[in-house]
Structures are given as structure tokens and as C-alpha cells.
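Take a look at the structure set out below.
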Amino acid sequence: MNPELDRREFLKKGVQATVTAAALVGANDAGGRMATAHRSTRASTLPVRRLGRTGVNLPMLGFGGAALPKKWGNVLSTRDRVRLVRHAYERGIRYFDTAPHSTYADSQAIIGKALRPVRDTVFIATKVEFWNASRPDGRLMKVPKGEVLRQIERNLRELQTDYIDAILIHGTPGIEQMTVEQCMEVHAELLTARKKGLVRFIGFSAHHYFDKALALISTGEFDLCMLAYGYLPRGNKRLFAPLTQELRNACLAKAHELGMGIVAMKVLGVGLLSGFGKEKWLGVPGAAIRYVLQDDRVHLLVIGMRFPNEVDANVKVFSGDARYTDDDRDVLAAVGTAVLSDVIVRKMKVE
């Protein structure tokens with residue numbers, strides 16, 4: 001990539017890389033905005049699925065913005081992180097997930113700067129979040145009045161856009177600290193924001209606490225959900241007990257029944273199965289991705305990528321044979337056992 005691309009040249013290159021299948025076809029938002037996609041002369045090879053009842057067709061590989069903050073291990077400069085997001089776009093990725101500065105640091109601002117020239121050809125998902133550090137149990141007593149709209153307006157400024165494709169109630173901090181009733185109070189304010197044309201679709205994410213997630217799905221009021229789903233039974237900082245896995249599977253089944261968009265996160269176990277730089281693990285990331293791809297209920301996989309070569313490697317996996325093989329099963333069984341016995345993982349809370 002040429003780091004000196006001006007806005008016009010970048011827009012030209014972005015248009016050329018847009019997915020032939022019209023990555024953002026269909027689905028008018030509340031304000032009547034139609035997301036359009038240009039026809040491509042250099043088609044992306046990424047497979048495309050419709051994101052549930054949103055009606056939006058998207059390449060199945062999404063970019064996880066949690067991989068951008070320096071506090072979580074990204075060593076690139078701000079300039080190179082902007083270039084990384086542009087590279088993901090040029091390789092055909094159209095779904096970009098991020099969150100406010102309070103948790104994802106400058107991730108949202110970087111994505112906004114990188115994608116501003118091609119804003120209406122991408123799908124940006126960000127979040128609103130709630131927590132209460134003053135209580136020992138972290139529970140939220142009350143959602144501050146007006147906080148939802150304040151967060152949306154701040155998100156819009158950081159993303160350099162006038163609308164958000166999907167606004168999610170963040171799992172942590174957020175749903176984990178809230179009651180189901182509080183989540184629905186937030187949902188009501190998100191509906192107001194949608195009526196104003198600030199957001200197109202409403203969803204939530206869940207790392208665990210799948211009992212709450214199932215209750216929210218069952219309301220039928222959400223357009224999409226993002227759930228921790230991968231070969232390794234883990235969310236953010238917890239391993240899943242058997243009951244937690246059963247509840248997660250119940251969430252998948254109910255969301256599919258209701259036609260919701262289903263996005264998988266933690267596909268590579270928060271990097272534990274990334275395998276980059278480990279010769280003996282060369283086939284592990286692909287196997288872990290194909291493990292989730294075999295589930296037709298999942299529409300999109302969000303994966304954190306810190307370097308262009310990681311983007312390229314994942315695009316190659318998605319563009320190849322998606323069948324989950326016996327070899328995949330064997331390599332994951334061997335590596336998964338080793339990872340789960342690691343001293344760091346053994347110290348994790350099981351829930």
C-alpha cells in the first residue's frame with residue numbers, strides 16, 4: 001500500500017476492491033438512507049451471507065477493532081493502524097466492529113479516519129456501555145438519563161460519520177453489569193436514536209451471561225447479536241462451564257429461529273489459537289475458523305487482526321475450502337488440550 005494515498009486515490013482503490021456481491025445491498029434505514037455498493041472489476045473472494053433480518057449482504061470475515069489499541073498489544077503507530085484498516089478494506093472486508101474510547105481506546109477514531117472516504121460501502125458496528133466501578137459487585141444501579149444519546153453522539157464524532165450501521169449494547173461493560181430490564185430501557189433509547197436516523201440496526205454482544213442474552217433475544221426486539229463462539233469454550237476472561245455452553249447454544253438456536261443476524265466473536269479464543277509466528281501451529285487458525293464456519297446459522301465472524309499479514313492469512317482461509325475436516329478436528333484437539341492446560345488459562349475463572 002502507498003501510505004501517501006490522497007483521499008481521491010484511496011476512494012478509487014476502495015471502489016475497485018468492493019465485493020461483487022454488493023456487500024451492502026438492501027435494507028433502508030429509518031431515515032431512508034440506502035447503503036450502496038459499486039460493481040467491482042477485482043472481485044473479493046470472501047464468501048457472502050445475509051446478516052439475518054437486517055437484509056444486508058456482507059462478506060463473512062469481519063474486522064475486530066479490539067485488535068487496534070496499543071494497551072492490548074498492538075505495536076503499530078497510529079498511521080500504520082489506519083493503513084491496516086485500509087488494507088482490510090482493500091482485501092474485501094466490509095464489517096468493522098469497534099467500541100467507545102473508554103474500552104477500545106483509539107480504535108473507533110482509527111476506523112473512522114481509515115473508512116471515511118468509503119463510508120457508505122462499509123458496515124460499522126459500535127457500542128454503548130454501562131458499568132459501576134463504585135459498587136463491589138460492579139452492578140449498575142441505574143442507567144444515567146441521557147447517557148445513551150450522549151454516547152451515540154460521541155461515537156459519531158470519533159467515527160467521523162452521521163450514522164452508525166449497528167449499535168450494540170456492550171456485553172462487558174454493559175449487559176454483565178445490568179439487569180434485563182435495564183437493557184430494555186437502553187433499547188428504548190436506541191429506538192429513539194434510530195427514529196432520528198442516527199443508527200440503522202440495534203443489537204448486543206455477550207461474552208458469557210447467556211441467561212441474560214437468551215432473555216434479550218427472546219424479546220424479538222433486537223436485529224442482531226454478537227456471541228462468543230469458538231472451538232475454545234471461553235469468553236473474555238472466563239472459561240465456559242457445561243451449563244454456560246448449553247445456554248450459548250440456546251441463544252444461537254433462538255436467534256436463528258427469530259431470523260436475527262448472528263455474529264461470532266472469540267473465534268480464535270482471544271488469540272490463543274491465532275498461531276501466528278508458531279511454526280507448529282500453522283494450520284490452527286484455519287481449523288478454528290472452519291469449526292465455526294460449519295454452522296450455517298452464523299452469518300459473520302469478527303476476528304481481531306493486528307498486522308496486514310494476519311488479514312491476508314484470514315482472507316485466504318475464508319476464500320478457500322470451508323469444509324471442516326478430520327485433520328482440522330485432530331489439530332484442534334491436540335492444540336486445544338495444550339492451550340487449556342496452560343498456566344495462564346488454568347487461572348481463568350470458570351463460569
Self-check item: Mean Cβ count within 10 Å, highest first, over the residues of peptides 254-260, 142-148
Solution: 254-260, 142-148
Practice problem: Please give the net charge around residue 220, taking every other residue with its beta carbon less than 11 angstrom from that of residue 220, where Lys and Arg add +1 and Asp and Glu add -1. | Solution: -1
Quiz item: What pairs in 70/196; 145/237; 71/142; 237/316; 113/266; 212/266 have C-alpha atoms more than 23 Å from each other?
Solution: 70/196; 145/237; 71/142; 237/316; 113/266
Quiz prompt | Separation of alpha-carbon centers, region 87-114 and region 145-165, rounded to whole Å | solution = 15 Å
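Just subtract the alpha-carbon distance of residue 241 and residue 77 from 0.36 nm times their residue separation and send over the number in nm, one decimal.
55.2 nm
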Practice problem: May I ask you to list the residues of region 208-229 whose amide nitrogen lies under 11 Å from a point 7 Å from Cα along the Cα→beta-carbon direction of residue 258? | Solution: 213-225
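Taken together, the values in this text are just the output of simple stated rules run on the coordinates, not laboratory data. Model, not experiment: these values are computed from the prediction. Here Cβ is always computed from backbone atoms with ideal geometry, including for glycine, and neighbour counts include all displayed protein chains.
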